[in-house]
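Below: the structure, in structure tokens.
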Amino acid sequence: MASNQQSSPLAWLPILLAVIATISWAGNITLAKLVNESIPPIGLAFWRWTVASLVLAPFVLRPMREQWPLFKANASLMVLLALFGVAGYNTLVYIALENTLSTNVVILQSSSPLWILLVQFLLFRQLTTLKQAFAISVSAIGVLLIITKGQLVTDFSIGNSELIALFAILVWATYSVLVQKLPEALKGLPMLGYTVFLGNMMLLPFYLGESLWFEPMPMTKESLAISLYTGIFASGIAFFCWNAAVQRMGAATTGQFMHLIPVFGLIFSMLFLGERLESYHWLGIGFIVTGIVVANLSVNRKKKAP
């Protein structure tokens with residue numbers, strides 16, 4: 001009886017950890033939109049990963065040294081992962097947020113599972129069912145409704161920022177597919193260390209160019225606070241919480257919590273940014289959710305098949 005009572009709170013721990021991670025990632029998008037008029041996007045990305053590098057260094061340096069020979073054998077793949085997952089994705093999101101709603105970005109992000117399926121097909125021909133193809137098509141309609149602001153038929157036009165946000169999701173999808181090709185021994189802390197350090201180095205020349213010719217990163221309390229939040233919470237703490245949840249619940253179960261990012265993101269956008277959902281948002285969400293459900297039904301039935 002006592003053991004059951006003690007184990008009950010522990011059973012909720014991985015769920016809490018996964019929720020903390022998704023809240024941190026959703027908050028990253030909301031805060032980036034909140035400060036986009038005063039903090040340049042590449043500067044925000046560079047200092048985010050600089051802080052993250054300092055926070056993560058005590059935890060990742062030893063695993064990195066241990067896997068150095070394996071890293072050298074997979075250096076080209078690791079460079080691509082750093083380019084897509086660290087230097088590319090978040091920087092593109094921050095650039096898109098300069099001229100589009102946080103709401104648009106988080107809804108588009110919710111379609112990432114379908115774009116992962118598409119990238120798997122394009123790179124490795126891993127799309128195996130017609131249901132998955134149908135799911136991608138349905139989700140794509142929802143995405144088009146959002147990036148055209150509901151004018152899919154009457155006045156078709158796509159904003160540049162929405163296109164950048166969509167490209168960012170495709171970059172993340174490519175990262176998610178390529179990371180599966182990495183040897184198991186490199187995944188986890190070694191991969192995190194190598195991709196963060198390499199990605200931050202890739203951002204440095206772009207950060208210097210932005211600072212010299214466009215807009216320097218202001219040294220204010222606001223910029224310090226946002227850099228600390230994105231570097232510590234959205235990068236360091238969120239990763240450790242997510243990894244701990246994966247170890248306890250498994251990757252498949254924990255992966256379902258990714259759908260909480262747009263949920264929290266929409267809540268934060270309405271509370272802190274004053275954004276509201278228009279009719280085309282609801283319609284787009286409906287198509288995206290339908291596509292995800294169809295894709296998951298296809299996967300679940302395939303798993304149950306003898």
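Quick notes on this structure:
- Size descriptors for region 207-253 (Cα atoms only): Rg and Dmax, in that order, 16.6, 48 Å.
- Accessible surface of region 23-113, 1.4 Å probe, proportion on carbon and sulfur as whole %: 67 percent
- Solvent exposure, largest accessible area first (probe 1.4 Å, DNA, RNA and ligands not counted), of Val263, Val171: Val263, Val171
- Mean Cβ count within 10 Å, highest first, over the residues of peptides 84-91, 139-146, 70-77: 84-91, 139-146, 70-77
- Taken over the alpha carbons of region 56-128 as equal point scatterers, the Debye sum produces base-10 log I(q)/I(0) values at 0.19, 0.20 Å⁻¹ of -0.99, -1.02.
- Exceedance of the 21 Å cut-off in Cα-Cα distance is limited, within the set Lys33/Lys187; Lys131/Lys181; Lys72/Lys187, to Lys33/Lys187; Lys131/Lys181.
- Fully extending the segment from Leu61 to Glu98 would add 9.8 nm, taking 0.36 nm per residue of separation and subtracting the current Cα-Cα distance.
- Spin-label proximity, Gln247 to region 50-76 - amide N less than 17 Å from point 7 Å beyond Cα toward beta carbon: 56-64
- Net length gained if the chain between Trp12 and Glu184 were fully extended (0.36 nm per residue, minus Cα distance): 59.2 nm
- Accessible area of Phe206 in the full protein assembly, 1.4 Å probe (Å², nearest 10): 130 Å²
The values are calculated or read from the model by the stated rules, or taken from the named source; none is laboratory data. No experiment lies behind these values; they were computed from the predicted model shown. Cβ coordinates were reconstructed from backbone atoms using ideal geometry, including for glycine residues, and neighbour counts include every protein chain displayed. Note: areas computed on protein heavy atoms with side chains; ligands, DNA, RNA excluded. Shrake-Rupley method; radii C 1.70, N 1.55, O 1.52, S 1.80 Å.
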